[in-house]
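In what follows, a single structure is set out as structure tokens and then discussed.
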């Protein structure tokens, strides 16, 4: 997949640029985190300045949540995301909703994001993207629900989703779900399709179904 500039203005341009890069560096950047939730990884523009972790002390429900936190004061343009990749085959032709509960602490901007990758004319294409740009968590906020609703086209191959943080602060995510919804539930974005002239390369680490969306699984080698 073609590499694109990561320095666009606005959340949508940042997320679009990141997620057209091709996820080549995801496995390596995971080593920069301390005990991330099982099945989740950290990537983005400035992963060295952010930390992804499983938080055993803060949760909307159950015993743990996922936390994205800046390491010290960050410039407003710096950002990172947590990501999980899921095979799109079972969701083709369906309208799907990603839901999660989010909490913020002195965060410049944070929220859920979702992208659908596919193949058109033998080349990689981004078929859908929503990063909750118009409904972000800002400042300090208690738990609140957030939804992303997208249509998964028949050309889809992989679905990527997670949480995003921009600038300083912390966000927590808990009790995520990924479910089919009826046609009565409107998509949360107009849909953004970007075609490339690069062959599609399936990333490693793709799950058959969404995994550990409640963050209750303990990372390997760690006791509760």
Before we move on, is residue 117 at pLDDT 95 or above and surrounded by fewer than 19 Cβ atoms within 10 Å (Cβ to Cβ)? no
Unmet requirement for residue 66, which otherwise passes all of (1) surrounded by 18 or more Cβ atoms within 10 Å (Cβ to Cβ); (2) modelled with pLDDT of 95 or more; (3) more than 13 Å from the chain's Cα centre (by Cα): (3)
Elements of type strands (runs of 3 or more DSSP E) in the stretch 33-117, at least 2 residues being under 29 Å from residue 151 (Cβ atoms) and either touching a residue at least 60 places away in the same chain (Cβ under 8 Å) or in contact with a helix residue (DSSP H, G or I) (Cβ under 8 Å, 6 or more places away or on another chain) (or both): 41-44, 65-70, 79-87
Considering each residue of the stretch 188-208, count those that are under 19 Å from residue 153 (Cβ atoms) and modelled with pLDDT of 95 or more, and give that number. 1
Hits in the stretch 154-177 - residues which are buried (at least 18 other Cβ atoms within 10 Å of the Cβ) and farther than 24 Å from residue 50 by Cβ: 156, 157
Number of positions in the stretch 145-192 that are part of a strand (DSSP E or B), in contact with a helix residue (DSSP H, G or I) (Cβ under 8 Å, 6 or more places away or on another chain) and more than 21 Å from residue 206 (Cβ to Cβ): 1
(1) modelled with pLDDT of 95 or more; (2) surrounded by fewer than 21 Cβ atoms within 10 Å (Cβ to Cβ) all hold for residue 77 apart from (1)
Name the pairs whose Cβ atoms lie under 8 Å apart, with the first residue in the stretch 128-151 and on the phi > 0 side of the Ramachandran plot and buried (at least 18 other Cβ atoms within 10 Å of the Cβ), the second in a strand (DSSP E or B) and at pLDDT 95 or above, and 6 or more positions between them or separate chains? 132/111; 132/112; 132/113; 132/146; 132/148
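The values are calculated or read from the model by the stated rules, or taken from the named source; none is laboratory data. This structure is a prediction, so every number in the text was calculated from the model and none was measured. Heads up, the Cβs are rebuilt from the backbone with ideal geometry, glycines too, and the neighbour counts pull from every protein chain shown.
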